[in-house]
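Worksheet for the structure shown next.
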Amino acid sequence: MDVSRFVTLTYLGIAVTAFVIFNKTLKWIWSSTNYLTEYPIVGSFVTLTTVLAIAATGALVFWMYRNKNHYAYISEVIIELKKVTWPAFTETRRSTVIVIIFSVLLSLFLWGSDQIWKQVTDFILSSGA
């Protein structure tokens, strides 16, 4: 794929993320005030806050797309990511197994240490020292 397609997909991802954030934030602000009521536009799914979130998202993405610094930055990031040597599946699986084993061993060590210190603390507190 061409770099411009990846940049466009990045803008699409930004738009989806921004819409979710704007929509949730506007619904939270709208519901926290007592004098604003939610106005349904299309059924109960598309409300006034949804339309405002779509407008804010469109304005943000349009501003970012028109700004050449953002486009250049995202293009450079994509070009650099194409140069990355990603690990093979076997190496990834081996590293994952090592992390899981280490996590289990560390959790067992911490549990054992907690049990020992619990016994020591109970002994000290029960002897009245």
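Derivation of every value follows stated rules applied to the coordinates shown; laboratory data play no part. Keep in mind it's a predicted model, so treat the numbers as computed, not measured. Quick reminder, even Gly has a Cβ in these numbers, built from the backbone with ideal geometry, and neighbours come from all protein chains shown.
Please give the helices (runs of 4 or more DSSP H) falling wholly within the range 33-129 in which 3 or more residues are in contact (Cβ under 8 Å) with a residue 24 or more places away in the chain and surrounded by 10 or more Cβ atoms within 10 Å (Cβ to Cβ). So that I can check it myself, show each step before the final result.
Values: elements: 48-66, 68-82, 89-126.
Those helices (runs of 4 or more DSSP H) span 48-66, 68-82.
Would you confirm whether any residue within the range 78-98 is hydrophobic (A, V, I, L, M, F, W, C) and more than 30 Å from Thr8 (Cβ to Cβ)?
Quick first cut of the range 78-98, residues hydrophobic (A, V, I, L, M, F, W, C) only: 78-79, 81, 84, 86, 88-89, 97-98.
In the following step, the residues that additionally are more than 30 Å from Thr8 (Cβ to Cβ) were identified as 97-98.
Scanning the range 78-98, I find at least one residue that is hydrophobic (A, V, I, L, M, F, W, C) and more than 30 Å from Thr8 (Cβ to Cβ), so the answer is yes.
Would it be correct to say that Thr25 is among the hydroxyl-bearing types (Ser, Thr, Tyr), surrounded by 15 or more Cβ atoms within 10 Å (Cβ to Cβ) and assigned to a helix (DSSP H, G or I)?
Numbers: among the hydroxyl-bearing types (Ser, Thr, Tyr): yes; surrounded by 15 or more Cβ atoms within 10 Å (Cβ to Cβ): no; assigned to a helix (DSSP H, G or I): yes.
It is false that Thr25 is among the hydroxyl-bearing types (Ser, Thr, Tyr), surrounded by 15 or more Cβ atoms within 10 Å (Cβ to Cβ) and assigned to a helix (DSSP H, G or I).
Return the residues of the range 81-96 that are within 25 Å of Asp2 (Cα to Cα) and small (Gly, Ala, Ser); say none if nothing qualifies.
Ala88
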